Amino acid sequence: MLANTITGLHVKDVQADEMWGFVAMKEKTKGSLYANVDNLGDAYTYIAIERNSKLILAWHLGKRSKQDTLAFIQKLRRAIEGKFQLTTDGWPSYPDAVEVVSGPGQSPLCGAFQRSLHIARTSNVDRWMLA
């Protein structure tokens, strides 16, 4: 429902993060018996919030992986238009996911994107000014 309702919004500041939880058991206790059961163990809820209004723009439930980060960024892309700042934690999959969704040197999130010029890394926080 959220993905159909929140589309094409113009925002200035977006904060994205992940919340950890688990289903039935923690990942480290799955052992060999449940090792290949993907719907048990660690679960991460990715969430993107507009900083000023606290509106939830996009969310995704999955593992803390490149594939799930990409799926989350794709959902965020559908929710937002225009220029904005994206702030995340230091999870290394975010820059790659933004670039995959954008294509090299461009960001469909909001225009031109140059990772080396727009990421300001402070206190394990990534900030992109996406234009």
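Taken together, the values in this text are just the output of simple stated rules run on the coordinates, not laboratory data. This is a predicted model, so every value here is computed, not measured. Please note: Cβ atoms are built from the backbone with ideal geometry, for glycine as well, and neighbour counts cover all protein chains shown.
Computed values, structure above
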item: Unsatisfied cross-links (Cα-Cα over 22 Å) in the set K12/K75; K28/K75; K26/K54; K26/K75; K26/K66; result: K28/K75; K26/K54; K26/K75
item: 10 Å binning of all Cα-Cα separations within the stretch 22-68, expressed as whole percents from 0 upward; result: 24, 40, 23, 11, 2
item: Stretch gain in nm, segment H10-S65, where the contour uses 0.36 nm per residue and the Cα spacing is subtracted; result: 17.0 nm
item: In nm, spacing of pseudo-spin labels at V100 and L2 (7 Å Cα→C-beta vector); result: 2.0 nm
item: D89-E27 FRET efficiency (beta carbon distance; Förster radius 22 Å; 0.05 resolution); result: 0.70
